[in-house]
Amino acid sequence: MRIFGFLIIAVSLLIVILSAFFGLPLPFFLKGLIDVASLICVLGLVLGGCLIAYGSEWGVAFNPRPNREEAAIAVGVYKLAVRVSIGAGFIGVMFGLIAMLGAMGAGNGMDMGALTGGAAVALITALYGLVFAFTLFLPLQCYFQHQLGKDS
C-alpha cells in the first residue's frame, strides 16, 4: 500500500509539473487546484526546515526498514514536516491576504483580478499545507512510530 501511496503522489506531482511547464490541458475541475507557486511555498519550506534542523541525517526518513535510531530520527523529521507544512500554508495565506489588501488600496478603484488572485493564493496554499501535513507527513510519522515500537 505504501508503494501505491507514493505512486499516487508521484503522478500528482507529474501532473503539476506538466501543467506548469508544458501547458498540459487539465480537466476543468482541476485547473483551480493546481498552483505551482503555492506548491513551492509549502514544499520548499518543509524541505528547507528539515534540512536546517536535521542536516544530512534527514535522509534516514526515507529508509523503509530503519533500525531503532533511524526510526527515532525519522519520527522527528516527520513531526517537524507536519508542523512546517501547516505553518507554510498559513504563511501563504498571509501572502495572499497582503496581495488582496494591496489590490484594494491601489488608488483608482479595485483591481478585481488581483483581489481574487490574492484570495486564490491564500486558500490554495493553506490547502496544500494541510493536505501535505495530514495525508503525507502524519501517516509517515505514524509508520515510523510503529517501526520504533516494534523494535522495543
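Remarks
- Spin-label pair residue 62-residue 131: with each label point 7 Å from Cα along the Cα-Cβ axis, the two points sit 2.2 nm from one another.
- Sites residue 79 and residue 146 - FRET efficiency at Förster radius 22 Å, r taken between beta-carbons, to 0.05: 0.95
- Using C-alpha pairs under 8 Å with a sequence gap of at least 6, the mean separation divided by the residue count of the range 35-151 gives a relative contact order of 35 percent.
Read the figures in this text as sums done on the coordinates, not as results from a lab. Model, not experiment: these values are computed from the prediction. Glycine gets a Cβ as well: all are built from the backbone with ideal geometry, and neighbour counts include every protein chain shown.
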